[in-house]
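Nothing in this text is a laboratory measurement; each read-out follows from the coordinates by a stated rule. Everything numeric in this text was worked out from a predicted model, so none of it was measured. Backbone-built Cβ (ideal geometry, glycine too); neighbour counts: all protein chains shown.
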Number of protein chains: 2
Amino acid sequence: MKDHYGCPVKATSNVIAGKWKVLIVWHLSFGMRRFAELRGLLPGVSEKVLAAQLKQLEMDGVVRRTSTRTSPPRVDYALTEPGQDLIPVMQAMCDWASKHFGLTPNLPRLEQKAS
Amino acid sequence: MKDHYGCPVKATSNVIAGKWKVLIVWHLSFGMRRFAELRGLLPGVSEKVLAAQLKQLEMDGVVRRTSTRTSPPRVDYALTEPGQDLIPVMQAMCDWASKHFGLTPNLPRLEQKAS
DNA sequence: GGAAGTACGCACAATTTTGTAAGTTTCATC
DNA sequence: GATGAAACTTACAAAATTGTGCGTACTTCC
């Protein structure tokens, strides 16, 4: 794990620090997604960076990777238990932004749970 | 503001993304601090980076800078209203880290409010 | 047999962030 | 008049992050 200076807040923020990580976790909070689906949901990610961020999230125990060795290979990403526990954190961040910036999600609501 | 891709969670995470920002906000949640005090509380920050992060937090409306033109000049930093509203967000992050990593703050608790 | 799709990996470039070491300004004291 | 403290700036360097363009393995479809 990286430097958190003994601060749990910093430790958590390290896990979701990264240009695409909160967006990935956000999208996965609605259910499992394939690699190509995530790429489609995130306008502008390169495949390399997406793969890297997913691997880091997996290392940090937030997402689970499941690969199926079929005709065209298929890999699914889903939130783990700890990953789902990040939803309240994101909810708090969401509330703050909507109060302070008036930003309302144009993506599906956070209220729903992953299937 | 930076790219938040229309996602309020990302918008909030942008505000506190930065090597020292959550630590700064954390420390300020206990009351106003002078520049030199913050530098002392954050082991390893350079003055340049500390000044830069404080300026960005000020731009984002999270901290307020008050300078007093006295013999040696004195500058105080404190959380604004939006800054105080970040405390529940940090609390959620704190809870997540303590559940997932078993990390308990060695810094003063979050429960207290800024004076 | 060739094209195509999926989920990457790799070398390298560009960008962003952070760090280091020195000024600078404004008084106030010695 | 030199010295010193506080809170920065500025020029430059190093490090970390992100992006670009290709290569690859496997298998099905044409």
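Would you pick out the residues in region B:1-33 that are among the polar types (S, T, N, Q) and assigned to a helix (DSSP H, G or I)?
B:Thr12, B:Ser13, B:Asn14
Determine, yes or no, whether A:Ala36 is over 21 Å from B:Pro8 (Cα atoms), within 16 Å of DNA strand C (Cβ to nearest atom) and in a helix (DSSP H, G or I).
The answer is yes for A:Ala36.
For (1) more than 12 Å from DNA strand D (Cβ to nearest atom); (2) within 13 Å of the chain's Cα centre (by Cα); (3) within 22 Å of B:Ala11 (Cβ to Cβ), each residue gets a yes or a no:
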| position | (1), (2), (3) |
| --- | --- |
| A:Leu23 | no, yes, yes |
| A:His27 | yes, yes, yes |
| A:Gly31 | yes, yes, no |
| A:Pro43 | no, no, yes |
| A:Ser46 | no, no, no |
| A:Gln53 | no, yes, yes |
| A:Gln56 | no, yes, yes |
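Part of a loop (DSSP other than H, G, I, E, B) and farther than 30 Å from B:Leu41 by Cβ, is that true of A:Gly83? Steps first, answer last, please.
Working: part of a loop (DSSP other than H, G, I, E, B): no; farther than 30 Å from B:Leu41 by Cβ: yes.
So A:Gly83 fails the test.
Can you tell me which of B:Val22, B:Val63, B:Val9 is in contact with a helix residue (DSSP H, G or I) (Cβ under 9 Å, 6 or more places away or on another chain), more than 12 Å from DNA strand C (Cβ to nearest atom) and within 10 Å of chain A (Cβ to nearest Cβ)?
B:Val9
Conditions tested, residue by residue: (1) surrounded by 14 or more Cβ atoms within 10 Å (Cβ to Cβ); (2) touching a residue at least 60 places away in the same chain (Cβ under 8 Å); (3) closer than 13 Å to B:Lys21 by Cα.
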{"site": "B:Leu38", "(1), (2), (3)": "yes, no, yes"}
{"site": "B:Lys48", "(1), (2), (3)": "no, no, no"}
{"site": "B:Val62", "(1), (2), (3)": "yes, no, yes"}
{"site": "B:Thr70", "(1), (2), (3)": "no, no, no"}
{"site": "B:Gln84", "(1), (2), (3)": "yes, no, no"}
